[in-house]
Amino acid sequence: VCICVSLIIMATFTQIKINFNIPENTLGTYLKFEYIPQIPVILFTAALLGECWGLIAVLTYIILGLTPFFPVFALGGGMSYIFQYTFGYIFAYIFAVLVSAKLLKGRHSVVKMIQAVIFGVLIIHLIGILYMAAIALLRHDSVAFIESWIYYQSVSKLLYDIVFSFIAVIIAAGVKRILWLLMS
């Protein structure tokens, strides 16, 4: 659990720069963004630890982040972080771990892994979008602002989250097998 919490924290502050070679507009600039691999680590945790221990790992991360002593969230920490636009994504980790781990219970077949990844990633993005929209509406932000946040936080990263999460779940299945062999 401690190792998975540490991995989640490390993933929060790891940025992978992604550049598209397709011109964004007629000025010839290119679309660039930084990908944070936290969602794949969450699904790795679900696949490795299962429902109970995976939930404990995610709750530990969230509780640490909500205390003023451990700023483990990307924009800091503390109870006021609940009112950040992105907290809904973090909150959604709870449900993603539970659903993904339940789908992966027992043997990790490719079909189960695909289902767990797709449902886990979609749960995180849907709850994150709804939470962000609620916070934005409470702050009276414009619809254009909300749309741009949805695009930047979810639409542009959805495919990467699915692909990298699938790889993470495959790695977790291998690590789990190795750990079982070492324990027996």
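The values are calculated or read from the model by the stated rules, or taken from the named source; none is laboratory data. Small disclaimer: the values here were computed from a predicted structure and weren't measured. For neighbour counting, all protein chains shown are included, and Cβ atoms are generated from backbone atoms with ideal geometry for every residue, glycine included. Surface accessibility is based on the protein's heavy atoms, side chains included, excluding ligands, DNA and RNA. Shrake-Rupley method; radii C 1.70, N 1.55, O 1.52, S 1.80 Å.
Give the stretch 78-93 a look and list any residue that's over 21 Å from I146 (Cβ atoms) and surrounded by 18 or more Cβ atoms within 10 Å (Cβ to Cβ), or say none.
Answer for the stretch 78-93, where residues must be over 21 Å from I146 (Cβ atoms) and surrounded by 18 or more Cβ atoms within 10 Å (Cβ to Cβ): just Y93.
Identify, please: which residue in the stretch 99-155 is of a type in the set (S, T, Y) and at pLDDT 95 or above and is, among those, most open to solvent (accessible area, probe 1.4 Å)? Walk me through it before giving the result.
Looking only at the stretch 99-155, we keep the residues that are of a type in the set (S, T, Y), and these are 100, 109, 131, 142, 148, 151-152, 154.
Still in the list and also at pLDDT 95 or above: 100, 131.
On the way: S100: 2, Y131: 56 Å².
Taking the candidates together, the pick is Y131.
When the residues of the stretch 156-184 are filtered to those that are open to solvent by less than 80 Å² (accessible area, probe 1.4 Å) and small (G, A, S), which remaining residue is nearest to the chain's Cα centre (by Cα)?
Residue satisfying both the conditions and the ranking: S165.
Which pairs turn up if I take residues in the stretch 116-131 that are touching a residue at least 40 places away in the same chain (Cβ under 8 Å) and look for partners that are outside any helix (DSSP H, G or I) with beta carbon separation below 6 Å, at least 6 apart in sequence or on another chain?
Qualifying pairs under 6 Å: A116/L104.
With respect to L75, is the statement that it is closer than 28 Å to D141 by Cα, more than 12 Å from the chain's Cα centre (by Cα) and not β-branched (V, I, T) true?
Yes; evaluated as a whole, the condition is true for this residue.
Only one residue in V72, V41 is modelled with pLDDT under 95 and surrounded by 16 or more Cβ atoms within 10 Å (Cβ to Cβ). Which one?
Values: V41 fails: modelled with pLDDT under 95.
Result of the check over V72, V41: V72.
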